[in-house]
């Protein structure tokens, strides 16, 4: 076994134990769920038994994770720097573990549009949290006040818009691939205010 294989082997064993403990399960609890003996599980966690693919697959299912996540290697690429659009007070980070997701931080100063024709609907889902100030979220015919540290999650097939209420606010939004595409203006350029949906 090479040093890299040995490190991955140890990491997988630690993950199994950490996931089991996080669930509050004993060795017996996880062993029963994964259909392995308690002694086999103990030897797997302690490095006294070779990791077998069929057992790892069973343990991943029992731990409600995937085999890929269980054996994923640690990346040195942990820190990500944002792409900054200073003109619009916007920072964007791609989510490395899920290339379909984008995280956007934006300072908003304008209220949402009063004209329902400027609200947008498109496939996808959005999640946002207000970091400072108060935001107004228009969702269909409803109006929501979202205050600092509150979050909102909604399907973007509902016509929606968001803006600042009574002064600037700062928002962190997470967009799935479809929602991100829905915020692209005609001609392939990003909206100047992607969270405002105007």
Options 89, 100, 133, 163: the member that is touching a helix residue (DSSP H, G or I) at 6+ places or on another chain (Cβ under 7 Å) and surrounded by 13 or more Cβ atoms within 10 Å (Cβ to Cβ): 100
Boolean, residue 105 is surrounded by fewer than 17 Cβ atoms within 10 Å (Cβ to Cβ) and part of a strand (DSSP E or B): no
Failed item in (1) out of contact with any helix residue (DSSP H, G or I) (no Cβ under 6 Å at 6 or more places or on another chain); (2) at pLDDT 85 or above; (3) outside any loop (DSSP other than H, G, I, E, B), with residue 84 passing the rest: (2)
Counted residues, the stretch 24-55 - those being in a helix (DSSP H, G or I) and modelled with pLDDT of 90 or more: 17
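The values are calculated or read from the model by the stated rules, or taken from the named source; none is laboratory data. Since this is a predicted model, take the numbers as computed values, not measurements. So basically every Cβ, Gly included, is an ideal-geometry build from the backbone, and we count neighbours across all protein chains shown.
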